[in-house]
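The next block holds one structure in the form of structure tokens; read it before the comments.
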Amino acid sequence: MGNADLRDLAAIEEVSFAELEGAVVAVDAHNWLYRYLTTTVKWTNSEAYTTADGEEVANLVGAVTGLPKFLEHDLTPVFVFDGAVTDLKSDEVERRREQRERYEQDLADARERGNPVAVARLESRTQRLTETIVETTRELFGLLDVPVVDAPAEGEAQCAHMARRGTVDYAGTEDYDALLFGAPLTLRQLTSKGDPELMDLSATLAAHDLSREQFVDVALLCGTDFNEGIRGIGPKTAVSLLREHGSIYSVLEARSEEIPHVDRLRGLFLEPAVVDVDPDTDIVPDVAAAREFVVDEWGVDASEVETGFERIEEASTQTGLGRFT
């Protein structure tokens, strides 16, 4: 199901950071990092984050830029990294790879034409989370004492599980699939200016008079990252069908339709691969070591990260931020 489809159904309201003070948020690390990575590449000269060996580590600029937003608002982030990709997602992975290859060809053409605006836009669209990007981000988080969790599969599923257990107060992701994985409360727009959005699962289900299982069925009928769905069925129609028939099985039978692997697909959302974990949320960042790692070891232009490091240092010493002192 596309993001726009789920947004049409989701119960979402804007909340102030003041209302969130003291909360712990399980952040979908790949989702968060990719947004800062692409923004950095789009608006920053590549020389600022490219090593002498030609390795690009724009992620380090993005991470240092993005972390202060949590600390300054007395929010503790727990970054959850994706694990293994299920084979049912292979089609979506292939689609994204093909799209990136098209962008890469467009980028080469834009460079040949000498079009700097198009180059900047396409460079951001061709970014991917390489092993170097993931590992250097994790090492930076380690130096800053930011907790990290490794998900066995989907990071969003692990974030949702932690929120359901009460290990954290919120899941944090831009993707609406957090609803399908059962996150009670999800914070969105954590990488944007202004206050975040709060997505409420219980309110969403109540608004449509559906159970969580039925809501997952709605998504499967429309299509998700793991399946194509049924042609001609949008979110409103899917909700009506679930209200009328009760389950996806009855809907498919009534319409003489089929969704391959429907049991496995439901299980991916209703019983995902997750682990019970209780991360240490007492953050004591070593800003000096982190600055040395980013600037000296990886050669990032100091001017691109100094403000971020100063904000992290200031937030970590403010009175009242108990977990950061």
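Are there any pairs with C-beta distances below 8 angstrom linking a residue in the range 311-322 that is within 15 Å of Leu67 (Cα to Cα) and of a type in the set (Asp, Glu) to a residue that is in a helix (DSSP H, G or I) and modelled with pLDDT of 50 or more, with the two at least 6 apart or on different chains, and if so which?
These pairs meet every condition: Glu313/Val287.
Is one or more of the residues making up the range 34-57 farther than 29 Å from Arg266 by Cβ, free of Cβ contacts under 8 Å to residues at least 24 places away in the same chain and small (Gly, Ala, Ser)?
yes
Does Ala26 qualify as being among the hydrophobic types (A, V, I, L, M, F, W, C) and farther than 17 Å from Leu185 by Cα?
Taking the combined requirement at face value, the residue does not satisfy it.
For Leu140, indicate whether it is among the aliphatic types (A, V, I, L, M), at pLDDT below 90, part of a helix (DSSP H, G or I) and crowded, with 20+ Cβ neighbours inside 10 Å.
No.
Any residue that is farther than 15 Å from Tyr34 by Cα, more than 19 Å from the chain's Cα centre (by Cα) and either at pLDDT 60 or above or part of a loop (DSSP other than H, G, I, E, B) (or both) - is there at least one of those in the range 77-100?
no
What number goes with the only condition from (1) within 30 Å of Ile133 (Cβ to Cβ); (2) in contact with a His (Cβ under 9 Å, 6 or more places away or on another chain); (3) assigned to a helix (DSSP H, G or I); (4) not β-branched (Val, Ile, Thr) that Pro272 does not pass?
(3)
So is Gly308 within 25 Å of the chain's Cα centre (by Cα), within 30 Å of Ala84 (Cβ to Cβ) and assigned to a helix (DSSP H, G or I) or not?
Numbers: within 25 Å of the chain's Cα centre (by Cα): yes; within 30 Å of Ala84 (Cβ to Cβ): no; assigned to a helix (DSSP H, G or I): yes.
Against the criterion (within 25 Å of the chain's Cα centre (by Cα), within 30 Å of Ala84 (Cβ to Cβ) and assigned to a helix (DSSP H, G or I)), Gly308 does not qualify.
Determine which member of the set Ala183, Ala163, Ala171 is part of a helix (DSSP H, G or I) and touching a residue at least 24 places away in the same chain (Cβ under 8 Å).
Only one candidate qualifies: Ala163.
Here are the criteria: (1) of a type outside the set (D, E, K, R); (2) surrounded by 21 or more Cβ atoms within 10 Å (Cβ to Cβ); (3) modelled with pLDDT of 95 or more. Tell me which single one Cys222 does not satisfy.
All conditions pass for Cys222, except number (3).
With the condition kept exactly as written, say whether any residue in the range 74-84 is surrounded by 22 or more Cβ atoms within 10 Å (Cβ to Cβ), in contact with a helix residue (DSSP H, G or I) (Cβ under 6 Å, 6 or more places away or on another chain), aromatic (Phe, Trp, Tyr) and farther than 17 Å from Val300 by Cβ.
yes
From Ser202, Ser192, which residue is within 27 Å of Phe17 (Cβ to Cβ), surrounded by fewer than 22 Cβ atoms within 10 Å (Cβ to Cβ) and at pLDDT below 95?
Checking each option against the conditions leaves just Ser192.
Quickly run through the range 217-237 and pick out the residues that are under 15 Å from Asp8 (Cα atoms), part of a helix (DSSP H, G or I) and in contact (Cβ under 8 Å) with a residue 40 or more places away in the chain.
Correct list: Val218, Ala219, Cys222, Pro235, Lys236.
Quick check on my filter: what residues within the range 18-35 are closer than 24 Å to Pro152 by Cα, outside any strand (DSSP E or B) and not polar (S, T, N, Q)?
Ala29, His30, Trp32, Leu33, Tyr34, Arg35 - these are the residues of the range 18-35 that are closer than 24 Å to Pro152 by Cα, outside any strand (DSSP E or B) and not polar (S, T, N, Q).
Looking only at residues in the range 256-302 that are among the basic types (Lys, Arg) and in contact (Cβ under 8 Å) with a residue 40 or more places away in the chain, which one is surrounded by the fewest Cβ atoms within 10 Å (Cβ to Cβ)? Steps first, please.
Let us first name the residues in the range 256-302 that are among the basic types (Lys, Arg), namely 264, 266, 291.
With the extra rule that they be in contact (Cβ under 8 Å) with a residue 40 or more places away in the chain, the set shrinks to 264, 266.
On the way: Arg264: 13, Arg266: 20.
Looking at residues that are among the basic types (Lys, Arg) and in contact (Cβ under 8 Å) with a residue 40 or more places away in the chain, I get Arg264.
Check whether at least one residue in the range 235-251 is surrounded by 15 or more Cβ atoms within 10 Å (Cβ to Cβ), over 17 Å from Val27 (Cβ atoms) and modelled with pLDDT under 95, and report yes or no.
Yes, the range 235-251 contains a residue that is surrounded by 15 or more Cβ atoms within 10 Å (Cβ to Cβ), over 17 Å from Val27 (Cβ atoms) and modelled with pLDDT under 95.
The values are calculated or read from the model by the stated rules, or taken from the named source; none is laboratory data. Quantities reported herein were computed from a predicted structural model and do not represent experimental measurements. Positions of Cβ are backbone-derived with ideal geometry, glycine not excepted, and every protein chain shown enters the neighbour counts.
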